[in-house]
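Have a look at the structure below before the remarks.
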2 protein chains.
Amino acid sequence: MKCPEGSLQVVRKHGKERQKKSAKRSAPPGGWNADAQSMRTIAQLAGVSSATVSRVINGSTAVREETAERVRQVIREQRYFPNTSAITMKYGRSGTYGVILPDITNPFYPDFVRNFEAILLERNLELLLATTDFHTARIQQSIRRMLVRRVDGVAFLSSEEERDSLAALVHNRVPVVTADLQKTAVGVSDVAIGFAQGMAEAVRYLHGLGHREIGFVGGNEGITTSNVRRDSFVAAMQGAGLAVHEELLLTGDYRISGGVAAAESLLQIKRRPTAILTANDLTAIGVLRELHRRGVRVPEEISLVGCDDIEYCDIVSPPLTTLRISRLELAQRYMTALEAGRDVTQKGKQYWVVPTLVIRSSTGPAPKAVRKKRQK
Amino acid sequence: MKCPEGSLQVVRKHGKERQKKSAKRSAPPGGWNADAQSMRTIAQLAGVSSATVSRVINGSTAVREETAERVRQVIREQRYFPNTSAITMKYGRSGTYGVILPDITNPFYPDFVRNFEAILLERNLELLLATTDFHTARIQQSIRRMLVRRVDGVAFLSSEEERDSLAALVHNRVPVVTADLQKTAVGVSDVAIGFAQGMAEAVRYLHGLGHREIGFVGGNEGITTSNVRRDSFVAAMQGAGLAVHEELLLTGDYRISGGVAAAESLLQIKRRPTAILTANDLTAIGVLRELHRRGVRVPEEISLVGCDDIEYCDIVSPPLTTLRISRLELAQRYMTALEAGRDVTQKGKQYWVVPTLVIRSSTGPAPKAVRKKRQK
DNA sequence: TTGAAAGCGCTAACAC
DNA sequence: GTGTTAGCGCTTTCAA
């Protein structure tokens, strides 16, 4: 189909004719022009050049107030709004920050997104969201999406360590902020959760309640953030002078299902713990659910501590004791890191968010007495 | 600051010099060029014109295979990726769909986003997310964000009816798909939930269990989707030949807090219902929580039915009976509607998703006998 | 089969 | 104080 009707095409509208093009557009009787308007349209209607329109929009003082007002008037009448892709093209930056998440169905992340979006909105910035479902391929795809959209920075909350993929961002001058990797690199900052303190506090608290056999259900095997949490737990136990039993160190998947599975295994073990710490609340909820199903009472027989403090901690029964990680603080830290990291030739900085222990009803005194009685 | 150092600026790099500009960029020793690459860079390295590079990237057959391969080689070596804002500018469309949500912390929506994102990904499309927190100002702001980013369509799941704001989208040739308004307009399609059937099924089920005094806790007062749900409930009751008592028709806010508040009121009322239907699961969870706190047993004293079937229905105790709305189906319907609605001069279509009743443990036989005994 | 060049909307450097 | 114009990266005629 090469336009058989032809002749029309012969009229080339090149060169100087460009100027005339949008002049031909006339507003329909109903009101304003349905076509996307450009600055030229506005300029012509206001009897100025597009440069002046640009100046008015960007608040340049070098425009006579009278002219500016006329331009603003036309802008309002025409309901004109700028085309950000032109601006993006001009500057090579898009006023957009990317957020890469592992799993948007974990309530922790929507909460983060909500806070982060609010911060961006204040700065008139945009959010580009990508979720990875813990898949490496999706991570790489997400990073590419960020690159082609020319984002100004990436908040990378996907737990997996992806140095190589992230390098592509840094090479393209896109600062990156990772989650909880506890290390930085050129162009890559990190926001870590103070699990050392958090786990220490939780273990101390449980120890104070008389617990000595404490189990841990981590996140996905091999993922960096899982390791950090597990190691922090182990360190906390040692710090409290408690023995860590390998068989009580389980892995989950940061989801309810993983908690359920871990609880199943835990109940098979002879050395049953009197308390369980988990890598996140969903895991704890899964554990709770399985314990409940098996008729194990919480906290009478086993105490349970989650991590994150998602809203649902408070609706399960018993409400979960948990290590709260403030999503607002996290979002703020990310924004700070992103802004401070704009120069990707510099080494990134390390930021911290310290969790706080929120005590609810899933924890109680260790059941020594109870167990002894039963065993008789 | 008008460049006092002057002389350097005198060398204007205009006109034909443009061609030379990127030729000066040389790849650093480490490997590939850290500057964002353009097609010109690739073209020069491959010894072709940028038009040819474009053809190769877009799979035009009119390129000799040998040339094409050479170009692909350079693209790989240079890790080149296109700049979408240039494409957006060229076409006036961005390959992005906007999603406007009321509240991303309601697990229903992340679930939707997840499914919708997956569908977009298949089509190589992007997602622009905005949340409104039920505020009109935020809705308008979101719509503007969609406009300036030149989205190709908007999935508007924010419950409030915003005909006027949405008109701005349609005027700019952006098709809109609303949620559950049960009406369409030029350029505006709608995906509605079959609450008529759903509520009828739920009421029939409860009626079958002997319930006659059934209460309803809706969503935010005055919001269209709230009205639809309440009206569907009322119709369902009438259809089942049951009386609707005004005092048993309460409003909530689609959140846990609203359910809590509604339950408080409900327990004050003399005519205590034996069953409660709610506008969504969060509301039901709130009701459940308050009933639990007040020592009212579910389902022995009061049966409870939610709506949505979020994951947390299954972790509260007792697990919630609910009207399941499939997020996958919803996302698919939205995509279909968005694609079918591309011609904004046509009237939109009405689509439906029918909920299904999922029976868990929060519902049981009406407690007639129990109550009578107690009253003695 | 390939290249040259216009043009998408915007900004900024420069001219007046 | 305002206008003119190049140029951001890409696609797409049209010409060769």
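Some points to look at:
- Rotational relation A to B, axis-closest Cβ in chain A, residue and distance rounded to whole Å: A:Ser85, 2
- Calculated FRET efficiency for the pair A:Arg204/B:Arg212, C-beta based, R₀ 35 Å, to 0.05: 0.05
- Distances in nm from B:Asp343 to the matching label points in the other copies, shortest first (labels 7 Å along Cα to Cβ): 5.7
- For the stretch A:289-374, the square roots a ≥ b ≥ c of the C-alpha gyration tensor eigenvalues yield an a/c of 1.5 or more together with a/b exceeding b/c, which makes the shape prolate.
- Per residue, the average separation of C-alpha pairs within less than 8 Å and at least 6 apart gives the stretch B:201-356 a relative contact order of 19 percent.
- B:Arg294 sits among other residues whose Cβ lies under 13 Å from its own Cβ, and their net charge, with Lys and Arg +1 and Asp and Glu -1, is +1.
- Label-to-label distance, B:Lys90 versus A:Asp314, with points set 7 angstrom from Cα along the beta-carbon direction: 5.2 nm.
- Counting neighbouring beta carbons within 10 Å and listing from fewest to most, the residues A:Ser317, B:Ser49 come out as B:Ser49, A:Ser317.
- Compactness of the stretch B:195-325 as Cα Rg over 2.2 N^0.38 Å, two decimals: 0.92
- In this calculation the C-beta distance from A:Ala185 to B:Ala137 is compared with R0 = 30 Å, giving a FRET efficiency of 0.15.
- Pseudo-label separations to other copies for A:Ala235 - Cα-to-Cβ vector, 7 Å, nm: 6.1
- Other-chain or far-sequence residues with amide H under 5 Å of B:Thr132's (modelled H): B:Leu101, B:Asp103
- Net charge of Cβ neighbours under 14 Å - reference B:Val48; Lys, Arg +1; Asp, Glu -1: +2
- Chain A - Debye-derived log10 I(q)/I(0), Cα point model, q = 0.07, 0.09, 0.10, 0.14 Å⁻¹: -0.47, -0.65, -0.74, -1.11
- Over chain A, relative contact order from alpha-carbon pairs under 8 Å, at least 6 apart, %: 15 percent
- Pairs of alpha carbons in the stretch A:37-82 whose separation is greater than 18 Å (percent): 11 percent
- Here the protein assembly as shown is treated as an ellipsoid with the same Cα gyration tensor; its semi-axes, largest first and in whole Å, are 52, 37, 22.
- Most mobile of A:Lys349, A:Lys183, A:Lys270 in a GNM of chain A (Cα contacts under 10 Å): A:Lys270
- Between 0 and 90°, nearest 10: helix B:256-268 axis offset from chain B longest Cα axis: 10 degrees
- Reciprocal of mean inverse Cα separation for the stretch B:55-117 (Kirkwood radius, Å): 15.3 Å
- Across the identical copies, how the A:Ala51 labels are spaced - nm, sorted shortest first, 7 Å along Cα→Cβ: 3.2
- Full-extension gain in nm, B:Arg272 to B:His245, via 0.36 nm per residue minus C-alpha separation: 8.6 nm
- You can think of it this way: the chain between A:Glu122 and A:Gln73 has 15.1 nm of extra reach, that is 0.36 nm per residue less the Cα-Cα gap.
- Using the Cβ-Cβ distance between B:Val358 and B:Arg294 with R0 set to 30 Å, the FRET efficiency works out to roughly 0.70.
Every number in this text was worked out from the coordinates using simple rules, so none of it is lab data. Nothing here was measured: the structure is a model prediction, and the numbers come from that model. Backbone-built Cβ (ideal geometry, glycine too); neighbour counts: all protein chains shown.
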